[in-house]
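Working notes for the structure below.
No lab work stands behind these numbers, since they all come straight from the coordinates. Note that this is a predicted model, so its numbers are computed, not measured. Cβ sites come from the backbone with ideal geometry, for glycine too, and all protein chains shown count toward neighbours.
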């Protein structure tokens, strides 16, 4: 029983539950952002570029195919996720927390 209470104390001290919640919410936000990029932003970029589907844009050089449209989609996805994380960081004022030495 002592080992079990030690495990519970470890979870409390290390914030494991908060970390798990962060991962779950991060996965959910990632799905929403991916959908935003795939379903809304990419078609708009495709319209501006005169293409129907950005992800299908590629260049064929010999037998190789360079799928730059997929890269652009993933890059836009990354930029949006980074912006959401940055805004969340600023809104929660995590940059103003004092660091303490233990």
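Pop a pseudo-label 7 angstrom from the Cα along the beta-carbon direction at both residue 11 and residue 23 and give the gap in nm to one decimal.
Label-label distance for residue 11 and residue 23, simple model: 1.4 nm.
Nearest 0.05, what FRET efficiency do residue 66 and residue 36 give at R0 = 30 Å with Cβ-Cβ as r? Please list the in-between numbers first.
Values: r = 25 Å, r/R0 = 0.84.
FRET efficiency, residue 66 to residue 36: 0.75.
When all alpha-carbon pairs of the stretch 26-96 are counted, what percent fall beyond 20 Å?
Considering the stretch 26-96, 42 percent of its Cα-Cα pairs are separated by more than 20 Å.
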